[in-house]
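Heads up, the thing below is written out as structure tokens.
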Amino acid sequence: MATYNYNLFADYYQFYLQGENADGDLSDSWNEQAVKDLLAIAPGTIGVGTVRNMDVPVEIEIRDSAPENDFDGWDHIMECGVEIPSGKIVVAGCTDYFPDAARISVEPGDYRARIYYGDLNTVSEDGLDGDDHYKVVLWPSDNMDVRVIKRNVSQ
């Protein structure tokens, strides 16, 4: 298991994970359901919605198998699949300069992603401050279905 920690600028209330050579364009993926789910997907790309468009803490965990089903302490949890044939995952805010964005090396293939959203209700009235944080766990899997595991009812 490998863990990576970032502080990403969630401009437009999102950050993304994408295969290095993916052509996925999230601009049409942020429909009404995606906004409600805080998750948009396109080929080779996962867009993670945030509750602030400021710097947010993000933890990425790469595993050999699915994580335990421990959902306590998280407000919202989603799952989806992503294809990473290049073996490089780009982690960035949507306005970050792509060549300079962080990269994580993985075995090329298909992955399942479980996205955890925490402390979503701690954002200040002006939307600038909060303790919201995000975690994405990836493991090899050919399951590409989108699934809501736990929905934040206050959204």
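A straight Cα-to-Cα reach below 16 Å connects Lys36 with the lysines Lys150, residues fewer than 8 places away in its own chain not being considered. With helices as the sole contributors, the chain gives -1000 deg cm²/dmol at 222 nm; each DSSP H run of n ≥ 4 counts as -39500 (n - 2.57), and the sum is divided by every residue. With viscosity 1.306 mPa s and temperature 10 °C, the Kirkwood radius over alpha carbon pairs of the chain converts through Stokes-Einstein to a diffusion coefficient of 103 µm²/s. At a Förster radius of 25 Å, what calculated FRET efficiency corresponds to the Cβ-Cβ distance of Asp55 and Arg151, to the nearest 0.05? So, using R0 = 25 Å, E works out to roughly 0.45.
State the volume of the convex hull built on the alpha-carbon positions of the range 113-155, expressed per residue in Å³ and rounded to an integer. Please list the in-between numbers first.
Details: hull volume 3.6 nm³, N = 43.
Dividing the Cα hull volume of the range 113-155 by its residue count gives 84 Å³.
How much net charge surrounds Pro99 when only other residues with a Cβ under 13 Å from its Cβ are counted (Lys, Arg +1; Asp, Glu -1)? Walk me through the numbers before you get to the answer.
Details: positive: Lys88, Arg103; negative: Glu20, Asp96, Asp100.
So the surrounding residues net to -1.
Only four residue types carry charge here, +1 at the Cβ of Lys and Arg and -1 at the Cβ of Asp and Glu. Report the dipole size of the chain about the Cα centre in Debye, rounded to the nearest 20.
Working: 11 positive and 29 negative charges, 53 e Å.
In total the dipole reaches around 260 debye.
Please give the FRET efficiency for Thr95 paired with Ser124, using the beta carbon to beta carbon distance and R0 = 22 Å, rounded to the nearest 0.05. After rounding, the FRET efficiency stands at 0.50.
Taken together, the values in this text are just the output of simple stated rules run on the coordinates, not laboratory data. Bear in mind the structure is a predicted one, so any value in this text is a computation, not a measurement. Note that each Cβ is placed from the backbone with ideal geometry, even for glycine, and that neighbours are counted across all protein chains shown.
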